[in-house]
1. In this structure, is A:Gln84 within 13 Å of ligand 2 (Cβ to nearest atom), polar (S, T, N, Q) and either touching a helix residue (DSSP H, G or I) at 6+ places or on another chain (Cβ under 8 Å) or at pLDDT 95 or above (or both)?
2. Look through segment A:1-25, keep the residues that are in a loop (DSSP other than H, G, I, E, B) and either touching an Asp or Glu at 6+ places or on another chain (Cβ under 9 Å) or near ligand 1 (Cβ under 8 Å from one of its atoms) (or both), and return whichever of them is nearest to A:Gln74 (Cα to Cα).
3. With respect to A:His116, is the statement that it is within 16 Å of ligand 2 (Cβ to nearest atom), out of contact with any strand residue (DSSP E or B) (no Cβ under 8 Å at 6 or more places or on another chain), open to solvent by 40 Å² or more (accessible area, probe 1.4 Å) and of a type outside the set (D, E, K, R) true?
4. What pairs come out if I take residues in segment A:98-109 that are within 16 Å of A:Pro136 (Cα to Cα) and among the aliphatic types (A, V, I, L, M) and pair them with residues that are in a helix (DSSP H, G or I) and open to solvent by 20 Å² or more (accessible area, probe 1.4 Å) whose C-beta lies under 7 Å away, six or more apart or interchain?
5. Would you confirm whether or not segment A:239-260 contains a residue that is polar (S, T, N, Q) and modelled with pLDDT of 90 or more?
6. Among the residues of segment B:93-126, which ones are at pLDDT below 85 and within 30 Å of B:Gly288 (Cα to Cα)?
7. Could you please find all residues in segment A:221-248 being assigned to a helix (DSSP H, G or I) and open to solvent by 40 Å² or more (accessible area, probe 1.4 Å)?
8. Confirm whether A:Ile184 is surrounded by 12 or more Cβ atoms within 10 Å (Cβ to Cβ), in contact (Cβ under 8 Å) with a residue 12 or more places away in the chain, closer than 30 Å to A:Thr61 by Cα and not polar (S, T, N, Q).
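The values are calculated or read from the model by the stated rules, or taken from the named source; none is laboratory data. Fair warning: this is a prediction, and the values are worked out from it, not measured in the lab. Note that each Cβ is placed from the backbone with ideal geometry, even for glycine, and that neighbours are counted across all protein chains shown. Only protein heavy atoms, including side chains, enter the accessible area calculation; ligands, DNA and RNA are left aside. Shrake-Rupley method; radii C 1.70, N 1.55, O 1.52, S 1.80 Å.
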Amino acid sequence: MSTYLSLENIGITFPTDKGPLTVLEDVNLKIAKGEFISLIGHSGCGKSTVLNIVAGLLQATTGGVVLENSEVNQPGPDRAVVFQNHSLLPWLTVYDNVRLAVDQVFGKTKSKQERHDWTLHNLELVHMGHALDRRPSEISGGMKQRVGIARALAMEPKVLLMDEPFGALDSLTRTHMQDSLMEIQAELNNTVIMITHDVDEAVLLSDRIVMMSNGPNATVGEILHIELERPRNRLELADDPTYNHYRAEVLRFLHERHAQPDVPSGKPKAKPQEPTPAPVSVAQETPVIEKPTQGHRLTLAVG
Amino acid sequence: MSAKILSPQHTFQAAWIDQFHAFCTSDALLKSGRKLAAALVIPAMALALFLILWGGLASRVETSLGTLPGPGKVWEQTQVLYQEHLTEREKAAAFYERQEQRNAAKLEKDPNAEVKVRPYTGKPTFIDQIFTSLGTVTTGFLIASIIAIPIGIICGLSATLYQALNPIIQIFKPVSPLAWLPIVTMVVSAVYVSDDPMFAKSFVTSAITVTLCCIWPTIINTTVGVSGIDKDLINVSRVLRLGWFTKTVKIVLPSAMPMIFAGLRLSLGIGWMVLIAAEMLAQNPGLGKFVWDEFQNGSSDSLARIMVAVLVIGFIGFLLDRAMLMLQRAVSWDKSSTIR
Ligand SMILES: Nc1ncnc2c1ncn2[C@@H]1O[C@H](COP(=O)(O)OP(=O)(O)OP(=O)(O)O)[C@@H](O)[C@H]1O
Ligand SMILES: [Mg+2]
C-alpha cells in the first residue's frame, strides 16, 4: 500500500484552566489514495481534533501531517472540509455558495463558463440542480448537507474531510445521504476521512474503520479492514454474516474494551442520537455557567 | 343575507342592522378590521387624547411670554412660518430679477461692462434652517460612518487591535460632543483657512461635532457584530484561503450587517439630537439657531414658533430613523427577518 496521506506521531495539548490537557498522543495513520476511512470513538475523545489537524485548522503540538510527501500545516482547499452543521453562507444562494468555492480555487485556471459548468456539475452530482436559487434557510437539513458536500467536492480536494456529516439528520434522510455518498465515491474515488457515531454507517461506507481509544491521551485503538465488495447494498448486507461480524467488532470495541467512563473527564456533552434536527452547536453553546447561576439563585431564595 | 332582508319578521331598520351586523362579523372583515383598528384607530385616539390634554393643560401655564401655546396656536404659527418662507422666496426672486435687468441695461450701453451677480442676503427662513440642519447631520453622519465601520471591522477581527483601541473608545464614548464643541471651533478656525471656502466654518464645526458623537456607537456595534461571526464560517474562509477583501465582503460584512445597522441608527439618532444642541450653543445656522433666536426674540408668538420647531425636529428624527430602516431592508440579505 502506497501512502498518500500520513498522520505521524500526532499529539496535541491544549492549555486549560486546570493546566495543560493532552487530548491526543501518538496518533499514527497511513492512508492510501482513494481510501475511505471512518473515525469512530466516544464523544470527546478527540476525533474532531484529529480532523481539524489534518485540515490545518488546528496545529499539532507534536508530529505532523504529510500529504503527497510534503508536510501540511495550513488550511487549504486541497483538504476540503464538510462541517457537521453545513456551514453554508446564509446570505448566498445554493449556487453562489458552491460558486464562491469554485471561483476561489479555479479563478485562475478555468474560464467563467467552465466555472459555471463545474458549479452546476457538482450540484447535479448531489442532486441539488433543482434548487440553485434557494437560500440555505429555504432548504431542508439534508439538502444543506448535500450542498456542503458539493462545495467540498467542487474544490477537487486531494482529501475530503467530513466531521459527522449526517449527524444532525433524521435516520431516513441519513440513509439517502449515505447512498448518495457511495454513488459519488464510486464515481470519483476520493480519499475520504469521515467521523461518525453510527456503526452501520461506518461499516457500510468504509474501507477501514479507525477506532479511537478514550481521551485524554487518546490514540488509534484498533483498525478494522472492511472487505465487503462494492457496490454495497444495505438491504442485502443486512443478513450478511461478514457485515454483521464487522458491526459486532466495532460495537465490542466501543462498549467492551473502551466503554465510556462513568464520569467523563472532558465536557459532559449530550449527543443527539436519533432524529434530532437541532444543530449540535446549540447544545455546545449552552453556557457552562448556567448551573452555578441557578444554584446561586436557589440559595438566595432560601436565604 | 338577502333572505334575511326579505324575511317578514324584520322591519327595514332591523334588517339594516342585521345586515350591518353580519357584515361586521364576517370573519375576514373582522380580521382586517381589527388590523385597521390596531394600525389606525388606536394611534389616532391616542393622538386626539394627547392634543386635548395639551390644549387643556398648556393654557394653565403662565410664562413671561404669555401662556404656553396650545395645538391651535402652534398650527397657526406653522402656517405663518411657511408663509414667511414663501414671502422671502418671492423677495429673493424679485431681487434677482431686478439685478438681471440692471445688468442687462448696463450691457446694452457698454457690451464690455463688468457685471456682478450678487447673492441675495435675506434672513434664512424656518424651512431653510431645516435643510441646513439636515445637510449638516447627513455630512457628519456619513463621515462618521466611513471612519467607524472600517475601525469596527478591524477591531472585530483582531483581538490585539481591539485591546489596543478599546480603552480609547470607552473613554471617549461617554463624552458629550458639546464638550468638544469649543475645541472643534478653535481647531476649525485655525486650520480651515481659505479665501473662498467651499463650506462655511459654522457648517464644518457642526458637522465635525456630529461626527464625534456618531462614531462611537457604530464602532462598538460593528465590533460586536464582526467578532460574533459563526466560527464555522471563518473556518470555511480559512479552508478556501479567501483573501481579506473577499472574506470581508462575502462573510464578515453580511453577517455583521444587522449589528452595523443597529449602530448606525443609534448614531444617527444621537447625531440629530446633538446637532440641535450644538447649533443653539454655537449659534451655527440650523434649527437649533432658529430655536435660540426665537427664545431671544421673546415675542408673544415665540413659544408657539419654538413648539413648531420642536415638533419638526421630532418628526425629522423619526423620518431619519425610518430612512435607515428602509436602507437596512434594501441591503439586508434576510428579507424575512423582522427589523424594527
Ligand atoms: N480549544 C480547546 N481547548 C481545550 N480543550 C479542547 C479544545 N478543543 C477540544 N478540546 C478538548 O479535546 C477533547 C476532544 O474534543 P473533540 O471535539 O475533538 O472530540 P470529538 O471526539 O470530536 O467529540 P464529539 O464526538 O463529541 O464531536 C475534548 O475533551 C475537548 O474538551
Ligand atoms: Mg466532534
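1. Details: within 13 Å of ligand 2 (Cβ to nearest atom): yes; polar (S, T, N, Q): yes; either touching a helix residue (DSSP H, G or I) at 6+ places or on another chain (Cβ under 8 Å) or at pLDDT 95 or above (or both): yes.
So A:Gln84 fits the description; yes.
2. Let us first name the residues in segment A:1-25 that are in a loop (DSSP other than H, G, I, E, B), namely A:1-4, A:17-18.
Then drop every residue that is not either touching an Asp or Glu at 6+ places or on another chain (Cβ under 9 Å) or near ligand 1 (Cβ under 8 Å from one of its atoms) (or both), which leaves A:1, A:4.
On the way: A:Met1: 26, A:Tyr4: 18 Å.
Among those residues, the one meeting the criterion is A:Tyr4.
3. Numbers: within 16 Å of ligand 2 (Cβ to nearest atom): no; out of contact with any strand residue (DSSP E or B) (no Cβ under 8 Å at 6 or more places or on another chain): yes; open to solvent by 40 Å² or more (accessible area, probe 1.4 Å): yes; of a type outside the set (D, E, K, R): yes.
In short, no.
4. A:Leu100/B:Lys250
5. Here is the first cut: in segment A:239-260, the residues polar (S, T, N, Q) are A:242, A:244, A:260.
Next cut, modelled with pLDDT of 90 or more only: A:242, A:244.
Looking for residues that are polar (S, T, N, Q) and modelled with pLDDT of 90 or more, one finds at least one in segment A:239-260, hence yes.
6. Residues satisfying the conditions are B:Arg118, B:Pro119, B:Tyr120, B:Thr121, B:Gly122, B:Lys123.
7. The initial filter retains those residues of segment A:221-248 that are assigned to a helix (DSSP H, G or I), namely A:234-237, A:241-248.
Hits for segment A:221-248 are A:Arg234, A:Leu235, A:Glu236, A:Pro241, A:Thr242, A:Asn244, A:His245, A:Arg247.
8. On the way: surrounded by 12 or more Cβ atoms within 10 Å (Cβ to Cβ): yes; in contact (Cβ under 8 Å) with a residue 12 or more places away in the chain: yes; closer than 30 Å to A:Thr61 by Cα: no; not polar (S, T, N, Q): yes.
So A:Ile184 fails the test.
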